[in-house]
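Worksheet: one structure, shown below.
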Amino acid sequence: MIVFDNVTKNYNTNIGLDHVSVRIKKGDFVFLVGPSGAGKSTFVRLVLKEIEPDEGRIFVNGLEVNTLTNRLIPKLRRSTGIVFQDFRLLPNKTVFENVAFAMEITHQTARQIRRQVPQVLGLVGISIKADKYPNQLAGGEQQRVAIARALVNNPTVLIADEPTGNLDPDTSWEIMRLLEQINLRGTTILMVTHAKDIVDKMGKRVIAIEKGKIVRDEYGDYGYKEEEAHSHRGAYIGGGYNKHA
Amino acid sequence: MLNSLKYTIKEAFTQLFRNGAMTVASVFSITAMLLILGIFFLITVNIGLAVENVKDDFDTVSVYLLDETSYETAQTMMLQLEGMPEVENVHYLDKDTALAQWTAEKFADNADMFEGLAKNPLPNSIEIKVKDLASAENVAKVAETFDGIQKVGYYKDVADKLLRISEGLRTGMMIIMAFLVVISVVVVSNTIKLTVFARRKEIEIMKYVGATNWFIRGPFLTEGIIIGIFSAILSSGMLVFIYSRVVKSFSLHITWFMDTGMVPVSFMTFNLIWIFLALGISIGACGSIVSMRRFLDT
């Protein structure tokens, strides 16, 4: 569960978020869309307590994020699985070790790790590559590993920051089906994306942010026309969905 | 707790092997520093020993008595001197024994030269052995206040000079060694900083996944300590080998011209190993903590 209560965040003179209030219930599947620089990243970074809000209160899984001490940040981050556009796997560790690492930091026993990791690798369909290193895998496979790592501690919320941004359309759809499956198991999913076709076809709740304000919050489609989406792509890498759409 | 300790040690060794070249570089740089430090240490200890030995030869104060002064008067002086805390022991040297000793020492080959001497030119004296060369001056001052003495003699110049040398040597060596320790911490922290820098992405990811700062630091710290232990073993081994060679080939000559031996190898080995272990471990640990600080500040 994620609750933003009248949250404002400014970067010097630029507006990040402007009095945003939103409530994401447990088990929701939410797309966070909007042009580059609209405040999507600010939203995610606030949830992870990478930055502090200027005003307002933020709750994640019952923890009040603003008043959290630095010592408790690790606890917050363990209860929220995170998946990035660029995967962010540890290059010196195998697939198995990358996923096991997320369990090691929570001081779990070797036996628990040996039981749990293969199970999660099976769930994301990457079991046969368990002993490979990240640079030996294709993009989609790496993202599966990242998802497995995010899921292995059974987080209540999974945050995906443009998880399909570096993937080709077919692989993107595989990842989306995987996320949907995870959502069905009860995990709340917050996905930041520019992929219009994905948002349109999934038909989930869509929160659109522009200039730091929530301009739309409804079930349905991406809401931006194709040209708008393109013009705002900015730092977007790969752009696989673009050719597809 | 046990799990994370196991993880930390396993992780440290894995990283040491995977970053082999970096590990070797770090071990070599600490070893080099410890070797330089160790050579200075050996020189200091040996010079210190030599100075101590030389000091032993000069720590007597002689009180020369007038011929009129009776043995009984001398006895009272001796009692008073023996009461002083600085004094090790006191003994009376009569003029005949003094002459015999003197001629035997200096003119052993032609002692007969003095046989025709009508009168013994040497005075009776009280020989005082002081505990510490530095207190010789105090003792001499007290002795000078007695009646019936001719003069008080002690090796003032030599004593002063020796004291100054040993003092200067000690502080000088301390400064040089402290300097070397600082340099080695800087060198090592730079070497480890390279490893940490190469892995800063990793550290960032670990933080995202929810690792605590100490969890991230643990393996790096352990790595530093392991590197320190390796370097300590390597450098103390090398130094002991070199030192035993030096002692073997030089100690004879040194004894001959300086009248002092060298510090024994067995004593040095024991001390070097624990000093180097302590230094190596703290250099390694400090180095890794210092170099990680920047990456863990949130």
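The values are calculated or read from the model by the stated rules, or taken from the named source; none is laboratory data. Remember, it's a predicted structure, so these values are computed and weren't measured experimentally. Backbone-built Cβ (ideal geometry, glycine too); neighbour counts: all protein chains shown.
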## Note on the structure
Expected output for the range A:90-104 (first residue more than 10 Å from chain B (Cβ to nearest Cβ) and over 11 Å from residue A:114 (Cα atoms), partner in a loop (DSSP other than H, G, I, E, B) and among the β-branched types (Val, Ile, Thr), Cβ below 9 Å, 6+ apart or cross-chain) is A:95/A:126
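Residues of the range B:187-202 being away from chain A (no Cβ under 13 Å) and crowded, with 17+ Cβ neighbours inside 10 Å, which ones? First the steps, then the outcome.
The first filter runs over the range B:187-202 and keeps only residues away from chain A (no Cβ under 13 Å), leaving B:187-194, B:196-197.
Within the range B:187-202, B:187, B:188, B:189, B:191, B:192, B:193, B:196 qualify.
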#### Entry: Selected residue [within 22 Å of the chain's Cα centre (by Cα) and either of a type in the set (D, E, K, R) or outside the structural domain of residue B:51 (by TED's automatic domain parsing) (or both)] from B:127, B:167, B:137
B:167
### Task
Please work out which residue is surrounded by the most Cβ atoms within 10 Å (Cβ to Cβ), limiting yourself to the range A:42-64 and to residues that are aliphatic (A, V, I, L, M) and more than 14 Å from chain B (Cβ to nearest Cβ).
A:46
### Query
Within the range A:65-77, how many residues are within 12 Å of another protein chain (Cβ to nearest Cβ) and surrounded by 17 or more Cβ atoms within 10 Å (Cβ to Cβ)?
4
### Summary
Per the filter on the range B:55-77, residues surrounded by fewer than 18 Cβ atoms within 10 Å (Cβ to Cβ) and aliphatic (A, V, I, L, M) are B:66
### Task
Kindly state which helices (runs of 4 or more DSSP H) lie completely within the range B:1-100 and contain at least 3 residues that are farther than 30 Å from residue B:243 by Cα and more than 14 Å from chain A (Cβ to nearest Cβ).
B:71-82
### Message
Here are the criteria: (1) within 14 Å of chain A (Cβ to nearest Cβ); (2) modelled with pLDDT of 85 or more. Tell me which single one residue B:235 does not satisfy.
### Response
(1)
